[in-house]
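The structure appears below as structure tokens.
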Amino acid sequence: MKILVTGGTGYIGSHTVVELLNNNHEVIIIDNLINSKIDVVDKIKKITNKDVKFIQGDVGDYNTLSKIFSENKIDAVIHFAGLKAVGESVKEPLKYYEGNIGITLNLLHVMQEYNCKNIIFSSSATVYGVPDKLPIKEDFPLSRPSNPYGTTKLMIEYILEDIYKADKDWKITLLRYFNPIGSEKTGLLGENPKGIPNNLMPYIVRVATGELKCLNVFGNDYPTHDGTGVRDYIHVLDLAKGHVKALEKNISGVHVYNLGTGKGYSVLDLVHTFEKVNNVKVSYKIVARRAGDIAECYADSSKAEKELNWKAELNIEDMCRDSYNFIIKNSTKL
Ligand code: NAD
Ligand code: UD1
């Protein structure tokens, strides 16, 4: 298939492009490079030994998208592009509503115009809010997330559902990611956020390299096995495979899948596993809880296993090893 990947030079997008090329799909990337670098394109080519078309442009720009669709017969779109900094979204909500929902509306308009009605959307476990029970299943009630970033994910899910209600030709897949970490094995692609990281693994790796002094563990008084927050960390390579499986399913409807491992690890579990597999020290101190955090979150991904024949295969040791491998090969000063 010929796939347009929005945000394809980003962290999850780049790994997914590799997986698509390895499965003999043809890929066109559109990315405005707001949170990624152009050299990712050559790295993808190096890893796969295959060609990929790159267009530097904004998904919110009608003319750019229109040109891509008029020049190429796109079979499906995997839509990663968007902004993802939770804290920033609280301070600048309009930037997030425009940068996530606005661009998605433009994309959907152009897709409709060119009769391309197959989309996979990057959603998030954040749409479940504070779950009543665990593990989280796809049919659990959704609730308004605590921040505009999360709200954009929920709103885009609703928009896509309405589009399907109006036109049953659409093939829509909503993939709700749990906590992606790790990198592909060569260490060429990975997650390297600009500035001080907000998420746990990018912070841990920078403490391990000495760029940051100490990890702040946000609370040790949660009702979890060691008091620190529990999450379902999933290797980005497994996540990438989930997209290819979802693409190949290819039937009309709105299909929702949790992509997680089904296992929950606490902040301290992750720190200690990281130290053990990489033989490094990660200094940490316990500080107050972070506003908006929940105690525990992990997926029931049996629906994806049953319907997509997908299951996460890599474990927490692989994730810790590969995250560190990437950063020691690519570390840039903060
Ligand atoms: P990322 O920032 O690494 O990748 C997003 C890419 O989109 C970047 O390369 C950026 O330059 C590009 N982009 C942003 N706005 C654009 C626009 N208007 N036009 C064109 N390109 C644009 O993020 P990621 O971690 O790879 O996340 C990919 C998607 O998955 C996002 O939608 C994110 O919200 C979602 N998601 C991520 C996580 C996570 O923990 N990383 C969890 C759940 C959902
Ligand atoms: C966060 C976002 C979520 C988003 C996801 C991926 C919040 C409230 N949630 O999820 O909307 O989809 O990232 O971008 O921001 N932790 C520390 N110290 C740190 C960083 C994190 O102790 O420096 C803890 C957190 O309290 C949490 C766990 O580590 O228990 C994971 O945090 P993080 O990586 O930020 O992911 P989420 O909070 O699950």
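The values are calculated or read from the model by the stated rules, or taken from the named source; none is laboratory data. No experiment lies behind these values; they were computed from the predicted model shown. FYI the Cβ positions are ideal-geometry reconstructions off the backbone, even for glycines, and counts take in every protein chain you see.
Of the strands (runs of 3 or more DSSP E) lying entirely inside segment 168-219, those carrying at least 1 residues that are modelled with pLDDT of 95 or more and more than 24 Å from residue 79 (Cα to Cα) are 215-218. Taking the conditions (1) surrounded by 22 or more Cβ atoms within 10 Å (Cβ to Cβ); (2) over 19 Å from the mean Cα position of the chain (by Cα) in turn, residue 99 satisfies each one other than (2). Taking each residue of segment 199-223 that is at positive phi and looking for partners that are away from ligand 1 (no atom under 16 Å from the Cβ) with beta-carbon atoms closer than 9 Å, six or more apart or interchain, yields 219/227; 219/228; 219/286; 219/287; 219/288; 219/289; 219/295.
Among the residues of segment 239-262, count how many are out of contact with any Pro (no Cβ under 9 Å at 6 or more places or on another chain) and buried (at least 16 other Cβ atoms within 10 Å of the Cβ). So that I can check it myself, show each step before the final result.
Initial filter on segment 239-262 (out of contact with any Pro (no Cβ under 9 Å at 6 or more places or on another chain)): 240-257, 261.
Within this subset, residues satisfying the condition of being buried (at least 16 other Cβ atoms within 10 Å of the Cβ) are 240-247, 249, 254-257, 261.
Of the residues in segment 239-262, 14 are out of contact with any Pro (no Cβ under 9 Å at 6 or more places or on another chain) and buried (at least 16 other Cβ atoms within 10 Å of the Cβ).
Here segment 40-96 is the region considered, the condition is being closer than 25 Å to residue 242 by Cα and without any contact (Cβ under 8 Å) to a residue 24 or more places away in the chain, and the residue that is surrounded by the most Cβ atoms within 10 Å (Cβ to Cβ) is 45.
So that you can scan it fast, the table gives a plain yes or no per residue for (1) within 30 Å of residue 310 (Cβ to Cβ); (2) of a type outside the set (Phe, Trp, Tyr); (3) under 20 Å from the mean Cα position of the chain (by Cα):
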| residue | (1), (2), (3) |
| --- | --- |
| 219 | no, yes, no |
| 241 | yes, yes, yes |
| 254 | yes, yes, yes |
| 270 | yes, yes, yes |
| 274 | yes, no, no |
| 277 | yes, yes, no |
| 293 | yes, yes, yes |
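Taken over segment 40-81, the criterion of being within 16 Å of residue 117 (Cα to Cα), within 21 Å of the chain's Cα centre (by Cα) and among the hydrophobic types (A, V, I, L, M, F, W, C) is satisfied by 76, 77, 78. The conditions of being within 12 Å of ligand 1 (Cβ to nearest atom), within 29 Å of residue 315 (Cα to Cα) and touching a residue at least 60 places away in the same chain (Cβ under 8 Å) are met by residue 181. The criterion of at least 3 residues that are under 30 Å from residue 158 (Cα atoms) is met by the following helices (runs of 4 or more DSSP H) wholly inside segment 245-334: 302-308. Would a scan of segment 304-323 turn up a residue that is at pLDDT 95 or above, in contact with a Gly (Cβ under 8 Å, 6 or more places away or on another chain) and among the polar types (S, T, N, Q)? The answer is yes, given that some residue of segment 304-323 is at pLDDT 95 or above, in contact with a Gly (Cβ under 8 Å, 6 or more places away or on another chain) and among the polar types (S, T, N, Q). Of everything in segment 122-172 that's closer than 21 Å to residue 243 by Cβ and hydroxyl-bearing (Ser, Thr, Tyr), which residue is surrounded by the fewest Cβ atoms within 10 Å (Cβ to Cβ)? Taking the candidates together, the pick is 164.
The residues in segment 4-38 that are within 14 Å of the chain's Cα centre (by Cα) and β-branched (Val, Ile, Thr) can be counted, and the count is 6.
Here the condition is being among the β-branched types (Val, Ile, Thr), more than 13 Å from ligand 2 (Cβ to nearest atom), out of contact with any Ser or Thr (no Cβ under 9 Å at 6 or more places or on another chain) and more than 21 Å from residue 39 (Cβ to Cβ); of 173, 186, it holds for 173 alone. Those helices (runs of 4 or more DSSP H) of segment 1-113 in which 3 or more residues are near ligand 1 (Cβ under 10 Å from one of its atoms) and modelled with pLDDT of 95 or more occupy 11-22, 103-113. Looking at (1) of a type in the set (S, T, N, Q); (2) over 19 Å from residue 259 (Cβ atoms); (3) within 11 Å of ligand 1 (Cβ to nearest atom), can you tell me which one residue 220 breaks? Status for residue 220: all satisfied but (3). Of the listed requirements (1) among the basic types (Lys, Arg); (2) farther than 19 Å from residue 253 by Cα; (3) in contact with a helix residue (DSSP H, G or I) (Cβ under 8 Å, 6 or more places away or on another chain), residue 133 misses just one: (3).
Beta carbons closer than 6 Å, at least 6 apart along the sequence or on distinct chains, pair a first residue in segment 130-159 that is hydroxyl-bearing (Ser, Thr, Tyr) with a second that is not in a helix (DSSP H, G or I) for 143/129; 146/292; 151/145.
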